[in-house]
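In what follows, a structure is listed as structure tokens, so that the remarks can point back to it.
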Amino acid sequence: MRRRLAALACGVVVAALVSTALVRADDGRDDLVFVDVTVLDGLGGAPRKGTVSVRGGKLALATGKGRRVGVPGAFLAPGFVEAAGRTVYLRADAEMTREMTADIDAADLVDPRHSDFREGAFEGCTTVVVPPSARNVVGGLTASYHAWSPEGRAVPIAGAPKALAAAFGQSPSRGNFPPRYGATTSIYARRPTTRMGVVWMLRQAFLAAKGLQPAPDDADLRHYREVLEGKRTLRFQARAIQDLNGALRLADEVGVQFIAEGVDEGYRVRDALGARRTPALVGPLSDIRTGRGPDGTDTALRNAAMLRDAGCVVALTAGDSGPRWLREQAMFATRYGFTREQALAAVTSIPADLCGLTARGRIADGAAADVVLWSGHPLLPSSRMLMVVIDGRVIFDRTGEGTDGGK
Amino acid sequence: MRAARPASPTPAIWRTTTRAVSRAALALCLAAVVAAPVAARADDPERAADLIVRVGRLHVGDGTVLRGAVIVIDEGRFVSVAEDGTVPPGVPVRVFADAVACPGFVDAVTQIGLDGGAAESPEARTPDVRAADAFDVHHRDLRPVLAAGVTTIGLLPAPSNVAAGRAAVATLRADGSAAVIERVGAPVFALRPPALRADRVPNTIAGARALLEAAFEGRAWTTSGEGAVAVRRAALDALAGMRDGPALAYVSDVEEARVAVETLGGRGLSPTLVGLRAAWKDPAAVAALGAPCVVTDLSLNDSEALLSLPAELARRGVGVSLASGAPGRSLRMALALAVAHGLPAKDAVPAVTHRPAAVLDVADRVGRVAPSLRADLLVFSGEPWEPSSRVLLSVVGGEITEERP
């Protein structure tokens, strides 16, 4: 009897071990230990030597089981988080046949196999949040992605919150004309045709959602209501001073909080933005030679630093340049008022937090295993990517080349 | 076979008597065989079959293969099919000992005979238009299609509207005309350009989803600009009335396929994905959607990756059909290319017979060599997917249209 029980117990243990092995195999995730690397936590902390392990898609600041990765002189940093990846659409980037498309989900505009995802991952960007484009006054809902996978596509991040993305300025009105001859002849035959029309439409939508005026057509107002109730994040793309001021006024009028995106002339209204602790997704810093930015803005090289000093929470974005240029945006920031660690936080933990991805963009116990191993500090142009791990899976592995590129 | 007979100069009464006698003789012979694979008319032993064919191998159409099959055809239908069937002496049988037979081809996606366009494109929602209403049953393009072995065609509205209209199904006749056997077929949707276009709602896949989901609830999801085209109540009602049943969805990219399955499947419809010419990027993702697929327009100019798509889908358990899609494309060439790029033999004939018939919801009438189905039969000198195989016998609705002994 005792022998039988022992055999049964052995069987149970073996079955348990086998099932564990199967789960891990199905999971497809890798167990890794980064040994004796310089760790950048992405939270602004100073670089320090340490060992970080990856298991089951999570990080641990301790050694563990698994493949040991040790490259002399290498830096381990969280993967970059692009909070406004605006290049990875499949076809059209906005449902332009309407001006207000709050019910459009960017997940149905995105091409997960877009090469910009892969190239972004190659440059250390492991998370991309995609809004519908700014061609509509209200574009719709954002979608968050693991930038790449061994299956050759970006993968939606399960349970990621979706912000409502709206736009001020000329983007939503440029090229529009009034409908003529009783029939729609083009997607540009629509409102609004001016900057003021954009604000006017946004105001109408929020007032309708509050029940203060009739709803236009059969517009679906539930997303606006969720914003008003504080259950959904609101993003305003606003670049020029009048658009930023318009966003602030509208937010006060209807009683909402917002994240400002673009914010090229934010330095001109930094006191007002800072007083509200407005989060700002700044960038991309475009033409650094002439100081001319999109939407007719005058850019300032120290814009992001000035906003931060005024009290804003500042993250950086490469926007419509593509996720692979996010690293360059952080490098620019180190020239104009950010320390390397601050700049790194502005492209990792801060944008992750602003997008509601609170376990990403940092190296901490239990954080998501989105990390990049670099041959040197990631914000030095001489540093190369050695390994990219996204969601606990190795996407690129160039550790065999060493920090000197195999020379 | 009857129509193929030349008009006889003999008096009608004599013809009838001769026929009766010969039938009685045949019936006696048939009764003598116990297995009776050719007992054409169990209900009417007085009457013999119109046509009996024996072939080396028969692709039934559903993936099974019968050796030495004896196929009995009467009154335009298959009566019996038997493996290693024996034929009683004296019964006239067409024997193709080394030949390979299969059902007549079913081309599920065509616009043959729809002159004047197959898209009512001023509106995005035209669920109530019918392809059958534009179909010319004597169209000149039908004869070459028939000559290429196609005996059943699906007629689809063009992919220019998100809710494009209703498909129709027609069978070809031996004289080169056609008969519509399904006038109001499956609803057809399009979630790819040109249905997504710049002068009309919607211009994105996301917009197509929003528009359809609103319409299924009876809402318009209109443009708010003044002068926007009014949405017909009848169109919304037609969409709101769709709760289950088959649907056909034109898609190109994998993401369009995903949105089609999520949107139409979410409504309770059973979508078949049609087109898929940009889906070679990720066959695994398409297969994971679990929908049957019709790959269209394969031609010699296509990339290796696209030509391998049917094989990649079949390998993952997807029911794959092939269709000519564009005018002038050959279904048999598409089959040859797909097999040359890995489509297994067991999936090859079904991809152009039984599966497309199932896609068109007429699998109980055409697409297999099985009792009671329409007798459309092709006999080739080799495998149907080999370009070198010649047609030895072609039977359409029970009538011989081509015979080369």
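Just so you know, all these numbers are worked out from the coordinates, no wet-lab data involved. No experiment lies behind these values; they were computed from the predicted model shown. When we count neighbours, we look across all protein chains shown, and the Cβ atoms used for this are built from the backbone with ideal geometry, even at glycine.
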Margin query: Given points 7 Å out from each Cα along the Cα-Cβ axis, report the B:ALA148 to B:VAL184 separation in nanometres with one decimal.
Written below: 3.2 nm
Check: Which residue, A:ALA251, A:ALA143, A:ALA92, tops the fluctuation ranking in a GNM of chain A built on C-alpha contacts under 10 Å?
Finding: A:ALA92
Check: Residues of the stretch A:78-116 with amide nitrogen under 20 Å from the 7 Å Cα-to-Cβ point of A:ARG174?
Finding: A:84-101
Note to self: Quick check: Cα centre of the stretch B:309-326 to Cα centre of the stretch B:333-393, how many Å?
What the structure shows: 13 Å
Check: Which length gain, in nm to one decimal place, applies between A:TRP200 and A:VAL155 when the Cα-Cα distance is subtracted from 0.36 nm times their residue separation?
Finding: 12.5 nm
Next item on the list: Report the residues of the stretch B:360-393 in range of a label on B:ALA97: point 7 Å along Cα→C-beta, backbone N strictly under 18 Å from it.
Entry: B:380-382, B:392-393
Check: In cubic angstrom, how much convex hull volume per residue do the alpha carbon atoms of the protein assembly as shown span?
Finding: 234 Å³
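Give me the net charge for the shell around B:ASP107: Cβ to Cβ below 14 angstrom, other residues only, Lys and Arg +1, Asp and Glu -1.
With Lys, Arg at +1 and Asp, Glu at -1, the net is 0.
Quick one: putting +1 on the C-beta of Lys and Arg, -1 on the C-beta of Asp and Glu, what dipole do you get for chain B around its Cα centre, in Debye to the nearest 20? Mind dumping the intermediate values first?
Values: 42 positive and 44 negative charges, 123 e Å.
Rounded to the nearest 20 debye, it is 600 debye.
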Margin query: Under 27 Å between alpha carbons, and skipping anything fewer than 8 positions from B:LYS281 in its own chain: which lysines qualify?
Written below: B:LYS346
Next item on the list: Would you mind giving the mean number of other chain beta-carbons within 10 Å of the Cβ of each residue in B:282-293, as a whole number?
Entry: 1
Check: Gap in Å between the Cα centre of the stretch A:60-109 and the Cα centre of the stretch B:111-131?
Finding: 41 Å
Next item on the list: Let me have the 222 nm mean residue ellipticity of chain A computed from DSSP H runs of 4+ only, each contributing -39500 (n - 2.57), with the sum over all residues rounded to the nearest 500.
Entry: -8000 deg cm²/dmol
Notebook entry, point to check: With a sphere of radius 12 Å drawn around the Cβ of B:GLU213, what net charge do the other residues whose Cβ falls strictly inside it have (Lys, Arg +1; Asp, Glu -1)?
Noted result: -3
Item checked: Rough spin-label spacing in nm, given labels placed 7 Å along Cα→Cβ, for A:THR290 and B:ALA326 -> 4.3 nm
Next item on the list: Only Cα pairs under 8 Å and at least 6 apart count here; give the relative contact order of chain B as a rounded whole percent.
Entry: 17 percent
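Counting only DSSP beta bridges with both residues in the protein assembly as shown, tell me the antiparallel percent, nearest 5. Could the numbers behind the result be given before it?
Details: 71 of 124 bridges.
The antiparallel fraction comes to roughly 55 percent.
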Note to self: Counting just the Cα atoms, what span does the stretch A:275-407 cover along each of its three principal axes? Round to the nearest Å and put the largest first.
What the structure shows: 46, 35, 25
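State whether the stretch B:105-359 is rounded, prolate or oblate according to the following rule on the C-alpha gyration tensor (a ≥ b ≥ c being the square roots of its eigenvalues): a/c under 1.5 gives rounded; otherwise a/b larger than b/c gives prolate, and the remaining case gives oblate. Don't jump to the answer; show the numbers that get you there.
Numbers: a/c = 1.94, a/b = 1.31, b/c = 1.48.
Taking the square roots of the gyration eigenvalues as a ≥ b ≥ c, the stretch B:105-359 is oblate.
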Note to self: 7 Å from Cα along Cα→Cβ at both B:HIS139 and A:ASP365: what's the point-to-point distance in nm?
What the structure shows: 7.1 nm
Item checked: DSSP bridge pairs, chain A: antiparallel proportion in percent, nearest 5 -> 60 percent
Item checked: For chain A, built as a Gaussian network whose Cα springs stay under 10 Å, the top-fluctuating residue of A:VAL35, A:VAL389, A:VAL130 -> A:VAL35
Notebook entry, point to check: Once you charge only the Cβ atoms, +1 for Lys and Arg and -1 for Asp and Glu, what is the size of the charge dipole of chain A about its Cα centre, to the nearest 20 debye?
Noted result: 720 debye
Check: By how many degrees, between 0 and 90 and to the nearest 10, does the Cα long axis of helix A:241-254 differ from the longest principal axis of chain A?
Finding: 90 degrees
Notebook entry, point to check: In terms of Cα to Cα distance under 18 Å, which lysines are near enough to A:LYS231, apart from those fewer than 8 places away along the same chain?
Noted result: A:LYS162, A:LYS210
Notebook entry, point to check: Applying 1/(1 + (r/R0)^6) with R0 = 51 Å to the Cβ-Cβ distance of A:SER382 and B:ASP199, what FRET efficiency is obtained, to the nearest 0.05?
Noted result: 0.50
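Work out the FRET efficiency for A:ARG48 and A:ASP309 from their Cβ-Cβ distance, taking R0 = 35 Å, and round it to the nearest 0.05.
Numbers: r = 27 Å, r/R0 = 0.76.
Using R0 = 35 Å, I get an efficiency of 0.85.
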Note to self: How big is the dipole moment of the protein assembly as shown about its Cα centre under a simple scheme where the beta carbon of each Lys and Arg is +1, that of each Asp and Glu is -1, and everything else is neutral? Debye, nearest 20, please.
What the structure shows: 1060 debye
Checklist line | Net +/- balance of residues flanking A:GLY356 in space, Cβ distance below 12 Å, scoring K and R +1, D and E -1 | finding: +4
Margin query: Relative contact order for chain A: what percent, with Cα pairs under 8 Å and sequence separation of 6 or more?
Written below: 20 percent
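So if each residue of separation counts as 0.36 nm, and I subtract the Cα-Cα distance between B:ALA345 and B:GLU386, what length gain in nm does that give?
On the way: separation 41, 0.36 × 41 = 14.76 nm, distance 1.11 nm.
Gain on extension, B:ALA345 to B:GLU386, equals 13.7 nm.
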Check: Picking from B:LEU142, B:LEU306, B:PHE105, whose Cα lies most toward the positive end of the charge dipole for the stretch B:105-359 (charges on Cβ: Lys, Arg +1; Asp, Glu -1)?
Finding: B:PHE105
Next item on the list: Starting from one equal scatterer on each C-alpha and no solvent at all, send me the Debye-based log10 I(q)/I(0) for chain A at q = 0.07, 0.10 Å⁻¹, two decimals.
Entry: -0.36, -0.68
Next item on the list: Identify, among A:ALA94, A:LEU43, A:ALA62, the residue whose Cα sits farthest towards the positive end of the charge dipole of the stretch A:29-141, taking +1 on the Cβ of Lys and Arg and -1 on the Cβ of Asp and Glu, with the dipole about the Cα centre.
Entry: A:ALA62
